[in-house]
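Since the structure comes first, as structure tokens, the remarks are kept for the end.
The values are calculated or read from the model by the stated rules, or taken from the named source; none is laboratory data. Predicted model only: the values in this text are computed from it and were never measured. Backbone-built Cβ (ideal geometry, glycine too); neighbour counts: all protein chains shown. All accessible areas refer to the heavy atoms of the entire protein, side chains included, with ligands and DNA or RNA removed. Shrake-Rupley method; radii C 1.70, N 1.55, O 1.52, S 1.80 Å.
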Amino acid sequence: MGDLPFVFMISSPQIAPTRFDNHITRTLGSLRGHFLDENAYARMLAKGDVLVYEVYEVHRPEVPGELQVGMSIVHPGKVGSEFFMTKGHFHQVLDTGELYYCLRGEGFMVMQTPEGEVAVEALAPGRVLYIPPRWAHRSVCTSRQEALATFFVYPGHAGHDYGTIEQDGFPKLVMEGAGGIEIIDNPRWRKDR
Ligand code: F6R
Ligand code: ZN
């Protein structure tokens, strides 16, 4: 017999889902090399290893047919003028997509294909983002007070490839500019190859 269906809440007053198996926290110190301004990164880290984002996962078997689900929460903040964000990744099984549903906060999803195509989509409560197979993705929080909270669903066997993004970065960065939020070309994109 298979598993029984189950229900959990993602709309409860607290930000965490009511069911999860794993709670991952990523602090500034674990994001070395991801932000453009390395001096600002070092200065900030010297003051404290703040929480940048967290993920609540419901663990399902890593096989086709299953779905991995959970919540991703990116806290407000900046390193220099670059907004807090996730590391970002390709799925190890490249031909797997992902669905994100934004619950709280505001921000962007920055995406790229292995061929270097780029897409940036705004995230705000109620927006559903469909990420087709092959697109790497990183969420960025641009709200000042509130965290960017999203619910995600992806195929059970997708897995994660972080190394490609660690080396190449994303083609676009989300920054605080003189006139507000700016999406700029990443001067370091694929420079360390
Ligand atoms: C899973 C997925 C999200 C992210 C989460 C944290 O495939 O896209 O659950 O894992 O937003 O970001 P990363 O994994 O890039 O540290
Ligand atoms: Zn993913």
Of the conditions (1) part of a strand (DSSP E or B); (2) in contact with a Ser or Thr (Cβ under 8 Å, 6 or more places away or on another chain); (3) away from ligand 1 (no atom under 13 Å from the Cβ); (4) not aliphatic (A, V, I, L, M), CYS102 fails just one. Which one is it? (3)
Please enumerate the residues belonging to segment 136-193 that are among the acidic types (Asp, Glu) and part of a loop (DSSP other than H, G, I, E, B). GLU146, ASP192
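Rundown of residues vs (1) under 16 Å from VAL79 (Cα atoms); (2) among the small types (Gly, Ala, Ser); (3) surrounded by fewer than 17 Cβ atoms within 10 Å (Cβ to Cβ), yes/no style:
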{"residue": "CYS141", "(1), (2), (3)": "yes, no, no"}
{"residue": "GLN145", "(1), (2), (3)": "yes, no, yes"}
{"residue": "VAL153", "(1), (2), (3)": "no, no, yes"}
{"residue": "GLY163", "(1), (2), (3)": "no, yes, yes"}
{"residue": "PHE170", "(1), (2), (3)": "no, no, no"}
{"residue": "ILE181", "(1), (2), (3)": "yes, no, yes"}
{"residue": "ASP185", "(1), (2), (3)": "no, no, yes"}
Please determine, by comparing only the residues of segment 72-99 that are closer than 25 Å to PRO5 by Cα and over 10 Å from the mean Cα position of the chain (by Cα), which one is most open to solvent (accessible area, probe 1.4 Å). LEU99
Taking segment 154-177 as the region of interest, how many residues are over 15 Å from VAL93 (Cβ atoms) and near ligand 1 (Cβ under 9 Å from one of its atoms)? 1
When segment 123-139 is checked residue by residue, the ones that are open to solvent by 40 Å² or more (accessible area, probe 1.4 Å) and more than 14 Å from ligand 2 (Cβ to nearest atom) are PRO125, GLY126, ARG127, VAL128
Return the pairs, sorted by first residue and then second, in which the second residue is assigned to a strand (DSSP E or B) and more than 14 Å from ligand 1 (Cβ to nearest atom), the first residue lies in segment 12-29 and is within 20 Å of LYS87 (Cβ to Cβ) and modelled with pLDDT of 95 or more, the beta carbons are less than 8 Å apart, and the residues are 6+ apart or on different chains. LEU28/VAL79
Taking the stated definitions as given, is GLU62 open to solvent by 10 Å² or more (accessible area, probe 1.4 Å) and within 15 Å of ligand 1 (Cβ to nearest atom)? yes
